[in-house]
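Here is the structure we will look at, set down as structure tokens.
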Amino acid sequence: MKTVLVTGGAGFIGSALVRMLIAEGRHRVVTVDKLTYAGHLESLSEVMEAPTNRFERVDICDAAALRRVFAECDPWAVIHLAAESHVDRSIDAPAPFIETNVVGTGTLLAESLRYWRSLALERARDFRFVHVSTDEVFGTLGATGVFDEESAYAPRSPYAASKAGADHLVRAWQHTYGLPTIVVHASNNYGPFQFPDKLVPHMIQLAIAGRSLPVYGDGRHVRDWLYVDDHARALQMVLEGGIVGGSYNVAGGNERTNREMVESICHAVDAQLPDPGIIDRRALMTSVPDRPGHDFRYALDTSRIRRELGWVPRVDLDDGLHQTVAWQLQHQAWVAAVQSGHYDGERLGLIDGR
Ligand code: NAD
């Protein structure tokens, strides 16, 4: 059984990937995670006791700790998801984004390279480093057009710039040292176990509570939504069949304006938690000041991963939202536990309160 080292495995997407890999039973998994406000062992509770599961509370900026984990676990591959991931938080405090996303990725690459060079030829040839990036590194689009894997980088938020920096380091380690890396650019994810400061879980929580639903600006910004399990499956397919040195776009093919997305959430909550006092939760929607520098639209051409690896998204957006609402209604204790002491629903990412 080969071992996969997953960084950020206690976060939203990472924990979906770890749960999937352990459930499939073909790999051992070592999760490396610092457990920031966004990382929670509760998200891994269903696999914690599995003999194929191991957890290491380690910061990816800590080279010595990473070296120990590589030596003890002897991984076949690394899937790198650990990151500071919230655009609004990057506006409030960019430093941790530069530290984890740029310096941490550089540290992880250096330790991966050191380990890779110690492997026998056959093992070294087989090794993979899959780096999880975002569509946001390409910048913003107008009403039409899509980014493909060859699109130029033009990041515009501190988060996107820090992820772009990480991507460039990953490519440089492949070109310069030959480390077998692959980059994945994913669109906006949603699904169970997402920290409730992100749009979808935040709106679901507010809708459940019957509180006002704050939509940034005119609500016409467009994102392409991807169900988290579809993303996890794409990462596994890239790990097992992706071309070294290449990159793959992954998106759900579900472009929605933020306003449409919140309306769909309202429908899903109305259906599962009828409130006689609020017949239609869309009445709770209200416009609030826009995010500074808010990118208008992201969209990805996913034909490469479909053609080369046969990946297609399986979860329809309305079904996925319905499942996500159902999950949140059943996991209010998880939501309360992860928010406790970290986040009480306040607005993030406004410069000087503007
Ligand atoms: P998340 O914020 O839910 O989880 C991040 C995880 O990384 C947490 O468990 C956190 O504890 C851990 N972490 C943070 N700093 C660390 C450090 N210095 N050392 C070790 N662990 C650390 O993020 P997510 O939404 O699951 O995103 C995972 C990855 O996917 C990120 O790289 C993100 O940029 C990328 N991505 C996310 C989306 C999305 O919509 N969520 C879309 C495209 C790409």
Output for Cβ contacts, cut-off 7 Å, separation at least six or different chains, first residue within 27 Å of residue 269 (Cα to Cα) and in a helix (DSSP H, G or I) in segment 308-320, second of a type in the set (Phe, Trp, Tyr) and at pLDDT 95 or above, reads 317/225; 320/190; 320/227
Restricting attention to helices (runs of 4 or more DSSP H) lying wholly within segment 91-202, give those where 3 or more residues are charged (D, E, K, R) and surrounded by fewer than 19 Cβ atoms within 10 Å (Cβ to Cβ).
-> 121-126
For residue 22, are the conditions met, namely being in a strand (DSSP E or B) and among the hydrophobic types (A, V, I, L, M, F, W, C)?
-> no
Restricting the search to segment 326-336, which residues are among the small types (Gly, Ala, Ser) and surrounded by 13 or more Cβ atoms within 10 Å (Cβ to Cβ)?
-> 326
Quick one: would you say residue 233 is in a helix (DSSP H, G or I) and within 14 Å of the chain's Cα centre (by Cα)?
-> yes
Just for segment 4-56: of the residues that are among the hydroxyl-bearing types (Ser, Thr, Tyr) and closer than 25 Å to residue 343 by Cα, which one is nearest to the chain's Cα centre (by Cα)?
-> 15
Consider only pairs whose beta carbons are under 9 Å apart and that are at least six residues apart or on different chains; among these, list those whose first residue lies in segment 259-278 and is within 17 Å of residue 223 (Cβ to Cβ) and whose second residue is basic (Lys, Arg) and assigned to a loop (DSSP other than H, G, I, E, B).
-> 259/220
Any chance segment 56-72 includes a residue that's without any contact (Cβ under 8 Å) to a residue 24 or more places away in the chain, assigned to a loop (DSSP other than H, G, I, E, B) and surrounded by fewer than 24 Cβ atoms within 10 Å (Cβ to Cβ)?
-> no
Given the conditions (1) in contact with a strand residue (DSSP E or B) (Cβ under 7 Å, 6 or more places away or on another chain); (2) of a type in the set (Lys, Arg); (3) within 26 Å of residue 19 (Cβ to Cβ), which single one is not true for residue 198?
-> (1)
Search result, residues across segment 297-325 that are under 23 Å from residue 205 (Cα atoms) and surrounded by 15 or more Cβ atoms within 10 Å (Cβ to Cβ) | 315, 317, 320, 321, 322, 323, 324, 325
Note on residue 119: of the conditions (1) away from the ligand (no atom under 14 Å from the Cβ); (2) under 25 Å from residue 164 (Cβ atoms), unmet is (2)
Residue selected from segment 73-89 under the condition more than 8 Å from the ligand (Cβ to nearest atom) and in a strand (DSSP E or B), by the criterion nearest to the chain's Cα centre (by Cα) | 79
Boolean, residue 56 is more than 28 Å from residue 121 (Cα to Cα), modelled with pLDDT of 95 or more and of a type in the set (Asp, Glu) = no
Taking segment 33-60, which residues are within 6 Å of the ligand (Cβ to nearest atom), over 23 Å from residue 331 (Cβ atoms) and touching a strand residue (DSSP E or B) at 6+ places or on another chain (Cβ under 6 Å)?
-> 60
Give just the number: which of (1) touching a Ser or Thr at 6+ places or on another chain (Cβ under 6 Å); (2) more than 18 Å from residue 189 (Cβ to Cβ) does residue 44 not satisfy?
-> (2)
Under 17 Å from the mean Cα position of the chain (by Cα) and farther than 17 Å from residue 132 by Cβ - does that describe any residue in segment 265-272?
-> no
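The values are calculated or read from the model by the stated rules, or taken from the named source; none is laboratory data. Predicted model only: the values in this text are computed from it and were never measured. When we count neighbours, we look across all protein chains shown, and the Cβ atoms used for this are built from the backbone with ideal geometry, even at glycine.
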